[in-house]
Amino acid sequence: MGRAPCCDKANVKKGPWSPEEDAKLKNYIEKYGTGGNWIALPQKIGTHILSLMQFFITLIGLPNDFRLYVGIKRCGKSCRLRWLNYLRPDIKHGGFSEEEDNIICSLYISIGSRWSVIAAQLPGRTDNDIKNYWNTRLKKKLFGRRKQSQSSRLTGSTEDPRDGNGMDTLSNSCWKY
DNA sequence: AATCACCTCAACCGCCTTTGC
DNA sequence: GGCAAAGGCGGTTGAGGTGAT
């Protein structure tokens with residue numbers, strides 16, 4: 001028997017966030033913070049919006065569970081991820097500098113794929129951003145771009161940074177750190 | 001213009017750790 | 001100390017975009 005899910009999967013929305021959802025989440029957190037409980041946050045947002053609309057609700061007689069519709073139908077974990085990786089005001093997106101590249105690869109050599117630790121050394125960068133950047137660009141940049149053939153994809157061959165030549169290249173690229 | 005292969009990145013999943021009772 | 005809930009993290013996926021043919 002597995003672990004209980006953090007939320008009711010059937011009643012939460014998945015996929016890309018809409019601008020309205022972003023605005024609700026951002027406005028609420030900027031005003032009130034997370035309250036130390038991400039799981040309860042979507043419901044709190046609904047209650048907050050509901051309180052702002054109380055007059056109209058009383059006027060036209062909406063049901064109590066109306067907050068479910070005006071709030072965010074998202075898992076608390078999803079809200080946390082969205083805030084940390086995208087909505088936070090101090091986030092930088094894309095455009096990694098040469099210096100950042102070097103910091104990332106030198107830390108990768110010394111501690112491996114501990115992205116949160118690496119992100120802590122790069123203000124404004126998120127672990128997800130760095131992980132994506134490493135997997136899609138830095139790795140190729142350091143180990144040399146190799147057009148993947150159909151066969152290599154099928155056999156699942158990968159480039160392991162800890163393998164011989166790759167590590168040499170990596171070390172050379174990061175010599176100054 | 002159509003199709004295909006590849007790239008990018010936001011978001012999800014599931015596991016491990018931390019915290020509170 | 002044991003348990004459950006929540007937080008945090010790294011790995012993975014898949015939709016959309018872009019360039020090549």
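The values are calculated or read from the model by the stated rules, or taken from the named source; none is laboratory data. Nothing here was measured: the structure is a model prediction, and the numbers come from that model. Positions of Cβ are backbone-derived with ideal geometry, glycine not excepted, and every protein chain shown enters the neighbour counts.
Filtered by the rule that a residue be buried (at least 19 other Cβ atoms within 10 Å of the Cβ) and within 12 Å of DNA strand C (Cβ to nearest atom), the stretch A:97-124 gives A:Leu107, A:Tyr108, A:Trp115, A:Ile118, A:Ala119. So is A:Leu87 of a type in the set (A, V, I, L, M) and closer than 30 Å to A:Lys31 by Cβ or not? For A:Leu87, the condition - of a type in the set (A, V, I, L, M) and closer than 30 Å to A:Lys31 by Cβ - is met. Scanning the stretch A:6-21 for residues being within 10 Å of DNA strand C (Cβ to nearest atom) and at pLDDT below 85 gives a total of 2.
Among the residues examined, A:Arg74 qualifies as surrounded by 15 or more Cβ atoms within 10 Å (Cβ to Cβ), at pLDDT 70 or above and outside any helix (DSSP H, G or I). Within the set A:Arg82, A:Arg137, the sole residue that is modelled with pLDDT of 90 or more and within 11 Å of DNA strand B (Cβ to nearest atom) turns out to be A:Arg82. Checking the stretch A:67-88 against the condition returns no match, with no residue being more than 27 Å from A:Cys7 (Cβ to Cβ) and of a type outside the set (Asp, Glu). If you go through the stretch A:34-50 and pick out every residue that is more than 18 Å from the chain's Cα centre (by Cα) and either assigned to a loop (DSSP other than H, G, I, E, B) or hydrophobic (A, V, I, L, M, F, W, C) (or both), you end up with 6.
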